[in-house]
1. Pick from LEU231, LEU84, LEU218: which residue has the top mean-square fluctuation in a GNM of the chain where Cα pairs under 10 Å get a spring?
2. What distance in nm separates the simple spin-label points at ILE211 and THR157, each placed 7 Å from Cα in the Cβ direction?
3. Which whole-number percent of Cα pairs in the range 54-179 have a distance greater than 20 Å?
4. Can you compute the charge dipole magnitude of the range 140-264 about its Cα centre, using +1 on each Lys and Arg Cβ and -1 on each Asp and Glu Cβ, nothing else charged? Give it in debye, rounded to the nearest 20.
5. Starting from the Cα of SER240, move 7 Å in the Cα-to-Cβ direction to define the label point; list residues of the range 248-270 whose amide nitrogen is under 18 Å from there.
6. What angle do you read, to the nearest 10 degrees and between 0 and 90, between the alpha-carbon axis of helix 270-292 and the longest principal axis of the chain?
7. Grab every C-alpha pair in the range 143-293, bin the distances at 10 angstrom width from 0 up to the longest one, and report whole percents.
8. Could you line up VAL132, VAL31 from fewest to most neighbouring Cβ atoms inside 10 Å?
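Readers should treat all values here as calculations from the given coordinates under stated rules, not as data from a laboratory. No experiment lies behind these values; they were computed from the predicted model shown. Reconstructed Cβ throughout: ideal geometry from the backbone, glycine too, with neighbour counts over all protein chains shown.
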Amino acid sequence: MDSALQQQLIAGIRDGSIVPYLGAGALRGSVAVSGGEPIPADSDSLIHAINNGSPMAPKLMYEFPRAAMNLELKKGRSYITRTLNKIYSETEWTRAPLHDLLAGIKPHYIVDINRDTQLQDSYADTPHTLIVGLSRLGATQYRFRIFSYTDGTYSETTQEAVDPALPILFKPMGTPRPEPIFVASDADYVDYITELMGGFAIPSFLKEYRIGKQYLFLGLRMQRDTERMVLSDIMYGAGSPSAWALIAEPNAKERRFCKKMGIEIIESDIDSLIAGATSIIEEAAEETMLVGC
């Protein structure tokens, strides 16, 4: 990756003009403390994880939401919630290198479509606002819940009570903490995306805050319509260019989609960003120390 672009991206993340958007690849390097197996994050690994470690029929292996829908119909929606909660809340995982990098920066706004808690762990010592996506609720038209984090505890709050000065963590597909809420099956996604397109899945304060922001997609392949529809609405109102995407070997479908969305592809991987960003941050810290002296 070009060093000037690398510096631009890191500077943008630090000043809040660029929003990190984390996909499955952001968890690369995270493994179970007991056993050493990689954390389930991408479609195939998630399907194996919710199906007792076994693959499913080829047509179900196409995409995680399809497999989750099949199991939900057989075992109930609560089975999916319990299983995902067990994976991400009851199993201890090592930290992913990217999360360690971001923990040192603490972006003001970050989107994480994974369902683990590493992002929240990064802000454990920092008051913040957590937005959790949800689906298929008849009692409300909104498809999110908002939690305020202070003194090590989450408490549910309202859009009007949110302090915009605090960091915003957006987990559209859910998290086990403070309570297990997940968007997982086909039915979940249909409902969530419908309300997302209707404007009911993003709080009003975030709709205002996101105007003109640019995004950096990390660990996200843009081959599936489900994930592409979600990101398209979440980044609505973006600046120009709208985003950058780290995709080491993009295919033709990804190139077409990114061109349509105004997303610039960087043919590199997360490891190169981490290495370069670490050097940039260390150099900045040294300069600060010298100025202080």
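1. LEU231
2. Reported label-point gap for ILE211 and THR157 is 2.2 nm.
3. So the pairs more than 20 Å apart make up 51 percent of the total in the range 54-179.
4. Dipole of the range 140-264, to the nearest 20 debye: 600 debye.
5. 258-265
6. So the helix axis and the longest Cα principal axis differ by about 40 degrees.
7. 9, 29, 34, 22, 6, 1
8. Fewest to most other Cβ atoms nearby, the residues stand as VAL31, VAL132.
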